[in-house]
Every structure is written in C-alpha cells, then in structure tokens.
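Here is the structure we will look at.
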Amino acid sequence: MEGFYKFLPQIMLTMERREAVNRTFWRLWTACTAGLLVMVGMWPGFSLAAAETTRSEIEWSRDYGSQSGGEGVIPTSDGGYLALGDIYDSYRKAYVVKLDGEGQVEWEQKLAYYDWGSSTAYRAIETKDGGYLIAGNTAEEFEPIQQLFLIRLDASGNVVWQKALDARGYDNNPKSIVETEDEDPTWAAINAE
C-alpha cells in the first residue's frame, strides 16, 4: 500500500489536468455551436444581416494624391464627402480632401505640425458652424512617440488652428471625435476603444 501513496500526488495531478482539458473542450464546443447558430440565424434575436438579394453598386471611384494613403471618409452636410489620410510630399503630411457628391475635389489640405516629421489624419467631424475638426497624429523626425494632432478647418478648408498634444505612453491614433452641445463648443478626441 505504501507504493500506492507514493503515486497518489501524480494521479491527482493527472486527474486535474484531465478535468481542465475537459472544461476547455466543452467551452470551445459551446462557443463554436453558438457561433454557428448566430451565423445561420437560429439564435433568438439574431438573423443574417446580408439576407437581401440586392447588391451595392459603385457610383464612382477616384484616386486622390500621388503616394497617398486613405484612413477614412465622412459624409458632409452639403452632400459631399471629406476624405482623410496622409500623403508623401517631401515627408508624410496629413491629407484632407473635400469632395462634392460626384467625387470631384473642391479643396485639399496637406498639413504638418513639424517642418520635418510625419503626420496622418484619422478622424473628422463637421462642426456646427460648417467647418471641420480633424484628429490625427504627428511626430518630429526621428521621434518614435507620436502626439495627438488636432486641426480646425473652416468650411473652405482654411486652417483656423492646429495643435499637437503630448500624451506620452498612450496610443495617439484617435478613435473618435465629439463636439459638445454648448454655445462655446468643446471637442474631445478619444484615443481609447
């Protein structure tokens, strides 16, 4: 009997491992089954979003700027669009393009906070006065940490102001922008998801 007690800790450890593997298997099985039920529309409250037979059609397609990259597009109150991203123009600059409803360029801005460095426009909102607030990031040349870059444009695309805010240690790729309902509007560029 002494030999049995010698192996008891190993037997208990083996049983605990088997139970852990069993729990993991059943959790995975449940998650996969629930996912399949959602995919086929059998989970209560969920259905297939793309069940319609109609297809989207491309109304127009254009390229803007040589050596540019797109980050986002927002619709504007005049039926046009504001496209955001960056463009290489001796160095990387934030690129903002105002388009009409047919995709024709009304105006464009190449913006940088530093003379040498890199800037990108990620998010934008149309403000109550018809202008735009752009949020992106910027960094000096050879500086690995980026700063939050805010740019205020009027309705014609002229720069009203621009600011670089240092938030070291944080991700400075803004996720969204909000404008308050006050008479003197305040904006917030939100970095967290």
Across region 82-115, what is the total count of residues that are under 18 Å from the mean Cα position of the chain (by Cα) and closer than 19 Å to Ala155 by Cβ? 6
Tally of residues being surrounded by fewer than 16 Cβ atoms within 10 Å (Cβ to Cβ) and under 21 Å from the mean Cα position of the chain (by Cα) across region 149-165: 2
Answer yes or no as to whether Gly79 is modelled with pLDDT of 90 or more, at positive phi and within 24 Å of the chain's Cα centre (by Cα). yes
May I ask you to say which residue of Trp43, Trp60 is at pLDDT below 60 and aromatic (Phe, Trp, Tyr)? Trp43
Within region 115-129, residues being part of a loop (DSSP other than H, G, I, E, B) and open to solvent by less than 20 Å² (accessible area, probe 1.4 Å) number 1
Suppose we filter Tyr132, Tyr91 for residues that are modelled with pLDDT of 90 or more and of a type in the set (Phe, Trp, Tyr); which single one remains? Tyr132
Region 63-109, residues that are exposed (fewer than 15 other Cβ atoms within 10 Å of the Cβ), among the acidic types (Asp, Glu) and in contact (Cβ under 8 Å) with a residue 40 or more places away in the chain: Glu102
Exactly one condition in (1) modelled with pLDDT of 90 or more; (2) under 20 Å from Tyr64 (Cα atoms); (3) open to solvent by less than 40 Å² (accessible area, probe 1.4 Å) is false for Ala112; which is it? (1)
Return the residue satisfying two criteria in turn: it lies in region 173-193 and is at pLDDT below 65, open to solvent by less than 60 Å² (accessible area, probe 1.4 Å) and part of a loop (DSSP other than H, G, I, E, B), and of such residues it is farthest from Gly130 (Cα to Cα). Asn191
When region 90-114 is examined, which residues are found to be more than 16 Å from Ile151 (Cβ to Cβ) and part of a loop (DSSP other than H, G, I, E, B)? Ser90, Tyr91, Asp100, Gly101, Glu102, Gly103, Gln104
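The values are calculated or read from the model by the stated rules, or taken from the named source; none is laboratory data. Nothing here was measured: the structure is a model prediction, and the numbers come from that model. Note that each Cβ is placed from the backbone with ideal geometry, even for glycine, and that neighbours are counted across all protein chains shown. For accessibility, only protein heavy atoms count, side chains too; no ligands or nucleic acids. Shrake-Rupley method; radii C 1.70, N 1.55, O 1.52, S 1.80 Å.
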